[in-house]
Amino acid sequence: PKNLRPQVLAMMEAQWVDLDAGETGETGETGYTAPNTAVYPWQWLWDSCFHVVIWAELERPERAVAELEAVLANQDAAGFVPHMNYQLDPSASVEFWGRAGSSCITQPPMFGHACAELVRRGVAVSQSLFDRCALGLEFLVERRHRSDDGLVALCHPWETGTDDSPRWDDSCPGDGFDLTRWRAHKSHLVSTVEFDANNSAVFNPEFQVSSAGFNGLIAFNINELLSVADQVGGSAIDLEALRNRSGELVAAIDQRWNGNTWVDGGVQSPTSGAARTADGLLPLLVSANADAIKTGFASLVDPAAYGGPFGPAGVHRSEPSYAANTYWRGPAWPQLSYLLWIAAKRQGASCAAELGESLRNGAAASGLAEYWNIDSGEGLGAVPQSWAGLGILAPK
């Protein structure tokens, strides 16, 4: 693929939402990157955390820090971080989410990884910013409802970022998955979220699911943050307790390996919770299960499983739900490809270079698309989409 760096820089600059610009037209470094200015003008949690890494790679540390600060701008006193911020129009969120300026649910807490990447690159991260990241992780492991298997429970399928994953199919009302019914049900599930005294989302009685992938990302982000704690200095957060919680989560996750994937906890575990999806392999970031590590990475590059020249696929090719070009039912997603590539590097898997190459190839072939076909690289969804810029981190 051609050198992606100039293309990614141009995209990121074009999609930067400057929150400093006033009547004078002066600009500053307070803002965020819109995933796509036409389709996704607001700020999303895990999107922005990936933007932090991209800005750092582009040697724009001021933008990287500003975006991470913006992610946490609506964090509450308990540590809860909303998955969407509505800085451009705080009133736009009120009717749907029941609060001004942000959503009432969260998303994968990638701020641990983002913060660690900044520190590793020598970017100055304040103690306050580090502690806010730690507090966000502490909220999830200390205050969120747990399922009987010890995993942190979701309050909504949107919290995983994998909106229409086959793993949620048994939660779709009616007979089997239907997109129209599922969209209506996702909106309904917002109304059934339960909150604690701080108004932080902690439980949803109508969606009792504990995602293996989401829990893997919690443990990974805790580990990432702890890996740079000494370089930042002291902390007001009990980091040792966080370390213990991460270890407990990893042990609980690894109990749920079924020989092909990690099975979600909760009411769907015997059925759609075991669907073979790329997000179901995110525990590869933290797993200590040797069989799971060997089998999981092999499947990611197997052309009969998830593998493809622009892969890995979002859904295993043999799953009945697999649809090559359908949103969350088969295409490759750059943020999942990035995380699985990171997992392969950290675990010393032989497929690391292949996974990195497929990410870079997909980003280039798709025109920096939101997601893409794993066999052709055809761009799908919004184009360009900012998190496709992760392709510049993969090996050339």
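The values are calculated or read from the model by the stated rules, or taken from the named source; none is laboratory data. Everything numeric here is computed off the predicted structure, so don't read it as measured data. Note that each Cβ is placed from the backbone with ideal geometry, even for glycine, and that neighbours are counted across all protein chains shown. SASA here: full protein model, heavy atoms, side chains in, ligands and nucleic acids out. Shrake-Rupley method; radii C 1.70, N 1.55, O 1.52, S 1.80 Å.
Considering only residues that are in contact with an Asp or Glu (Cβ under 9 Å, 6 or more places away or on another chain) and open to solvent by 10 Å² or more (accessible area, probe 1.4 Å), look in the stretch 194-217 and name the one that is farthest from P173 (Cα to Cα).
N198
Taking the residues in the stretch 361-380 that are part of a loop (DSSP other than H, G, I, E, B) and free of Cβ contacts under 8 Å to residues at least 60 places away in the same chain as candidates, determine which candidate is nearest to I218 (Cα to Cα).
So the residue we want is A369.
Restricting attention to the stretch 233-250, which residues are open to solvent by 70 Å² or more (accessible area, probe 1.4 Å) and either over 17 Å from V286 (Cα atoms) or hydroxyl-bearing (S, T, Y) (or both)?
Passing the criteria: A236, D238, E240.
Could we say that V250 is in contact with a strand residue (DSSP E or B) (Cβ under 7 Å, 6 or more places away or on another chain), β-branched (V, I, T) and modelled with pLDDT of 95 or more here?
In short, no.
Among the residues of the stretch 350-395, how many are touching a helix residue (DSSP H, G or I) at 6+ places or on another chain (Cβ under 7 Å) and open to solvent by 20 Å² or more (accessible area, probe 1.4 Å)?
Selection size over the stretch 350-395: 5.
What residue, among those in the stretch 253-302 that are in a helix (DSSP H, G or I) and among the polar types (S, T, N, Q), is nearest to E357 (Cα to Cα)?
Ranking the candidates gives S299 first.
Identify all residues within the stretch 145-186 that are open to solvent by 50 Å² or more (accessible area, probe 1.4 Å) and out of contact with any strand residue (DSSP E or B) (no Cβ under 7 Å at 6 or more places or on another chain); write none if there are none.
D148, D170, P173, G174, D175, F177, D178, L179, T180, R181, R183, A184
List the pairs whose first member sits in the stretch 231-250 and is touching a residue at least 60 places away in the same chain (Cβ under 8 Å), whose second member is of a type in the set (S, T, Y) and open to solvent by 30 Å² or more (accessible area, probe 1.4 Å), and whose Cβ atoms are under 9 Å apart, counting only residues at least 6 apart or on separate chains?
V232/S126
Is the stretch 276-291 home to any residue that is more than 21 Å from the chain's Cα centre (by Cα), over 11 Å from A219 (Cα atoms) and open to solvent by less than 20 Å² (accessible area, probe 1.4 Å)?
no
From the list T162, T192, pick out the single residue that is in a loop (DSSP other than H, G, I, E, B), within 20 Å of P331 (Cβ to Cβ) and modelled with pLDDT of 95 or more.
T162
Restricting attention to the stretch 68-97, report how many residues are touching a residue at least 60 places away in the same chain (Cβ under 8 Å) and open to solvent by 40 Å² or more (accessible area, probe 1.4 Å).
Qualifying residue count, the stretch 68-97: 5.
Of the residues A324, A305, which is in contact with a His (Cβ under 7 Å, 6 or more places away or on another chain) and either among the hydrophobic types (A, V, I, L, M, F, W, C) or part of a helix (DSSP H, G or I) (or both)?
Result: A305 is the single residue among A324, A305 that is in contact with a His (Cβ under 7 Å, 6 or more places away or on another chain) and either among the hydrophobic types (A, V, I, L, M, F, W, C) or part of a helix (DSSP H, G or I) (or both).
How many residues are of a type outside the set (F, W, Y), assigned to a loop (DSSP other than H, G, I, E, B) and in contact (Cβ under 8 Å) with a residue 12 or more places away in the chain if we restrict to the stretch 165-189?
3
Can you list the helices (runs of 4 or more DSSP H) found entirely within the stretch 52-150 that contain at least 2 residues being of a type in the set (D, E, K, R)?
In the stretch 52-150, 61-71, 111-120, 127-142 are the helices (runs of 4 or more DSSP H) which contain 2 or more residues that are of a type in the set (D, E, K, R).
For E142, which of the numbered conditions (1) at negative phi; (2) buried (at least 18 other Cβ atoms within 10 Å of the Cβ) fails to hold?
Failed condition: (2).
Looking only at residues in the stretch 308-320 that are over 21 Å from the mean Cα position of the chain (by Cα) and open to solvent by less than 40 Å² (accessible area, probe 1.4 Å), which one is nearest to E248 (Cα to Cα)?
The selected residue is E319.
Residue pairs, Cβ under 7 Å, 6 or more apart or interchain, first in the stretch 347-360 and at positive phi, second of a type outside the set (D, E) and modelled with pLDDT of 95 or more. List them.
Cβ pairs passing all conditions: none.
Tell me yes or no: at least one residue of the stretch 221-228 is open to solvent by less than 10 Å² (accessible area, probe 1.4 Å), over 20 Å from the mean Cα position of the chain (by Cα) and touching a residue at least 60 places away in the same chain (Cβ under 8 Å).
Yes.
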